[in-house]
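Q: My structure is below; once you've seen it, I'll send some questions.
Bear in mind these aren't lab numbers, they're just calculated from the coordinates by the rules spelled out. As the structure is a prediction and not an experimental result, all values here were calculated from the model. Using ideal geometry, Cβ is built from the backbone for each residue, glycine included, and neighbour counts are taken over all protein chains shown.
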Amino acid sequence: MGLDPRMDKEGEIPKYLIEQYTDPNKIILEFNKTLIENTHDLIPVVKPQIAFYEKYDALDALKETINFAHKNDLLVILDSKRNDIGTTSKAYADATFKIYKADACTLNPYLGFDSIQPYIEHYKEKGLFILVKTSNPSSNELQNLFSVRIDNISNAQIEIEKERVKLVRNYIHIAKLIVEWSKNLYSFSNYNNLGAVVGATFPQELKSVRDIIKNSFILIPGYGAQGAQAEDIKYGFHKDGLGGIVNSSRAIIYSYVNKKQFHSVKFGEAARDEIIKMNKEINKEIGL
């Protein structure tokens, strides 16, 4: 369940909560706690997107949400996508795992291994999810481009030795790098801590990445409000039904808006009802 609090328009965080508390930290924390209390037995993970907490100056709510999730036996993926190199990357890692106390985070690999290394070196026991193929439509502008790899060939030889020029889409290249970067990482039950993010809105790309990444979890956003359905996420799982973490945010936490049987004060119960429905759809699709 993605925890992305919004208070900008009707049909997001219920109005009665906004009117009850003046402090955004209290509004958001109460909203998140109610959601967790109603759903924690149905899900393994929550994924707060840090931007929504920064926007409302509600980082205290983020910390308390993570703490409350842990008390309810949930793992927390902090969706921050932050990265840099050297000491700056280490500082981001420290904030993620020491200040916010998340169990995992999302990372942008655009800067290469230099940006990932501080996370791996200092937080081997934490989960790291590398952006491979994101769920937004314009991700094709970069992630689906072909990269040209030329090994041991001078410029003068390129035209002559075309058979040695390899073309691979960028997202495939990143998937292969994840395999390389994870070779010496701690693993448990055949899975290591370096995972991938692949949007459910691109099922064929999801299949291609799963074929490459055998021993990593795949975080699969885009289910629900972004349009992906159960049949779109099946390729992210292994045959035993493991290996995929399907994320849905708006379709769960604001589901009370479209479920007329639930008043806004019952938004937690509406979220539970939606998760039960999604779980049934997903389990049926992957054969569980």
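Q: About the Cα centre of the chain, how large is the charge dipole given +1 on each Lys and Arg Cβ and -1 on each Asp and Glu Cβ? Please answer in debye to the nearest 20.
A: So the dipole magnitude of the chain works out to roughly 440 debye.
Q: Expressed in nm to one decimal, what extension gain is obtained for the pair Leu111 and Val265 from 0.36 nm per residue of sequence separation less their Cα-Cα distance?
A: Separation in residues times 0.36 nm, less the Cα-Cα distance, equals 51.0 nm.
Q: A follow-up question, please. So for Val198, Val76, Val179, fewest C-beta neighbours within 10 Å to most, what's the order?
A: Sorted ascending by nearby Cβ count, the order is Val179, Val76, Val198.
Q: Anything over 24 Å Cα to Cα? Flag those among Lys26/Lys126; Lys9/Lys266; Lys234/Lys260; Lys101/Lys214; Lys124/Lys277, in the order listed.
A: Lys26/Lys126; Lys234/Lys260; Lys101/Lys214; Lys124/Lys277
Q: Now for a separate question. Could you run the Karplus curve 6.51 cos²θ - 1.76 cosθ + 1.60 with θ = phi - 60° over region 221-237 and give me ³J(HN,Hα) per residue in whole Hz, x for Gly and Pro?
A: x, x, 7, x, 5, 7, x, 6, 10, 4, 5, 7, 9, 4, 6, x, 10
Q: So for the pair Asn67, Asp23, with labels modelled 7 Å out along Cα→Cβ, what separation do we get in nm?
A: 1.2
Q: Can you work out the FRET efficiency for the pair Asn258 and Asp8, with r the C-beta to C-beta distance and R0 = 22 Å, to the nearest 0.05?
A: Once the sixth-power term is evaluated, E becomes 0.75.
Q: So, one more: Compute the FRET efficiency between His173 and Lys284 as 1/(1 + (r/R0)^6), taking r as their Cβ-Cβ distance and R0 = 35 Å, and round to the nearest 0.05.
A: E(calc), rounded to 0.05, equals 0.55.
Q: Once you have a ≥ b ≥ c as the square roots of the Cα gyration tensor eigenvalues for region 1-106, tell me rounded if a/c is under 1.5, and otherwise prolate or oblate according to whether a/b is larger than b/c.
A: The shape class here is oblate.
Q: For the residue pair Lys277 and Lys239, what label-to-label distance in nm results when each label sits 7 Å from Cα along the Cα-to-beta-carbon direction?
A: Those two pseudo-labels are separated by 3.4 nm.
Q: In nm, to one decimal, how far is the modelled label at Glu54 from the one at Lys214, with both set 7 Å along Cα→Cβ?
A: Result for the modelled spin labels: 3.9 nm.
Q: Normalized C-alpha radius of gyration of the chain, against 2.2 N^0.38 Å?
A: The reported ratio for this selection is 1.07.
Q: Can you work out the Karplus-derived ³J(HN,Hα) for every residue in region 208-219? Use 6.51 cos²θ - 1.76 cosθ + 1.60 with θ = phi - 60°, whole Hz, and x for glycine or proline.
A: My calculation for region 208-219 gives 4, 5, 4, 5, 8, 8, 8, 10, 10, 6, 10, 7 Hz in order.
Q: For the chain, set up a GNM with springs between Cα atoms under 10 Å and report which of Thr96, Thr134, Thr34 has the largest fluctuation.
A: Answer for the Gaussian network model of the chain: Thr34.
Q: Okay, moving on. Suppose the chain between Phe188 and Asp84 were pulled fully straight at 0.36 nm per residue; how much longer would it get relative to their current alpha carbon spacing?
A: 34.6 nm
Q: Here's another thing I want to ask about it. If a/c stays under 1.5 just call it rounded; otherwise compare a/b with b/c (prolate if a/b is bigger, oblate if not). Do that for region 29-84, with a ≥ b ≥ c from the square roots of the Cα gyration tensor eigenvalues.
A: Oblate, since a/c reaches 1.5 and b/c is not below a/b.
Q: Between Asn72, Asn215, Asn184, where does the largest GNM mean-square fluctuation fall for the chain, given springs only between Cα atoms within less than 10 Å?
A: Maximum among the listed residues: Asn184.
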